Amino acid sequence: MTTITIIGSGGMATAIGTLAGKAGHVVEVLSRNPANARELVDAIGADAIVGEFGATPRGDMVFLAVPYAVVLDVVARYGDKLAGKLLVDLTNPVAPDLTSFVTPADSFGAQEIAKAAPASTIVVKAFNGHFSHVVAAGRTFRVPVDVFIAGDDADAKQRVSDFTTSLGLRPLDVGALPMARTLEHLCLLSLGLIANATRHTDFAIGVSLPD
């Protein structure tokens, strides 16, 4: 098992952190609000620890579980402390109208994070396609939740895939980092479904494969 660091203490941080703790991983939680970090660590149990927000993450795999509105500031604050780390981008840069993005037209969220991070940092997009309670459940209709993964570094994607499998979820590699733009559109798809079809968030977008 491995040590991971989660920056954030909201729903997705709770979902991934709890599954990781149950899988035997050591989870470090970093949050601007130490009380929130402590509450999450207590909920995870096992060997989970509260880290100092802004300090060098203990884990080589760092999950960005904060809203996109603040993620670039968070990455800038950590700066060189993220050098050599594998950043897992969970964010969705959705605009307030819930039908467009706040990123430049020629870019996408994961790319903006990669530009803000040290050159030696590797960014992998993953876990952004589902609501936190779906990830926390781990399964939908008796099958594992699919986690779509995009990145340019094959070894890094394999590490994220192996971690995902250890949580009881199914990793699906969709290609290089530019495919993160497509994964970010999954969020808009989900919002469109909520507004016009399902009227609730109890669903998961996945792939059906033959036995």
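Coordinate-derived values only; no laboratory data. Worth saying up front: this structure is predicted, and the values here are computed from it rather than measured. Using ideal geometry, Cβ is built from the backbone for each residue, glycine included, and neighbour counts are taken over all protein chains shown.
Points to keep in mind about this one:
- Rounded to 5, percent antiparallel among DSSP beta bridges of the chain: 15 percent
- A simple charge model with +1 on the Cβ of Lys and Arg, -1 on the Cβ of Asp and Glu and nothing else charged puts the dipole of the chain at about 260 debye relative to its Cα centre.
- Positive end of the dipole of the range 3-198 (Cβ unit charges, origin at the Cα centre): among Val143, Phe131, Thr164, the Cα lying farthest that way belongs to Val143.
- Look at the dipole of the chain built from charges on Cβ: of Ala95, Leu19, Ile6, the Cα furthest out on the positive end belongs to Leu19.
- For Asp152, the residues whose modelled amide H falls within less than 5 Å of its own, excluding neighbours fewer than 5 places apart on the same chain, are Leu177.
- Cβ charges +1 (Lys, Arg) and -1 (Asp, Glu), total dipole of the range 87-211, debye: 300 debye
- For the range 37-187: rounded, prolate or oblate by the Cα gyration tensor [a/c cutoff 1.5]: rounded
- Sorting 110-116, 16-22 by their mean Cβ neighbour count within 10 Å, with the most densely packed peptide first, gives 16-22, 110-116.
- Dipole magnitude of the range 1-118, debye to nearest 20 (Cβ charges: Lys/Arg +1, Asp/Glu -1, about Cα centre): 160 debye
- Amide H contacts under 5 Å for Ile49, placed H, 5+ residues apart: Val27, Glu28, Val29
- Calculated [222 nm] ellipticity per residue, helices only, for the chain: -10500 deg cm²/dmol; basis is -39500 (n - 2.57) per DSSP H run with n ≥ 4, divided by all residues, nearest 500.
- Reachable lysines from Lys22, criterion Cα separation under 29 angstrom, eight or more residues apart if same chain: Lys81, Lys85, Lys125, Lys157
- Of Val26, Val70, Val124, the residue with the greatest mean-square motion in the GNM of the chain, using alpha carbon springs below 10 Å, is Val70.
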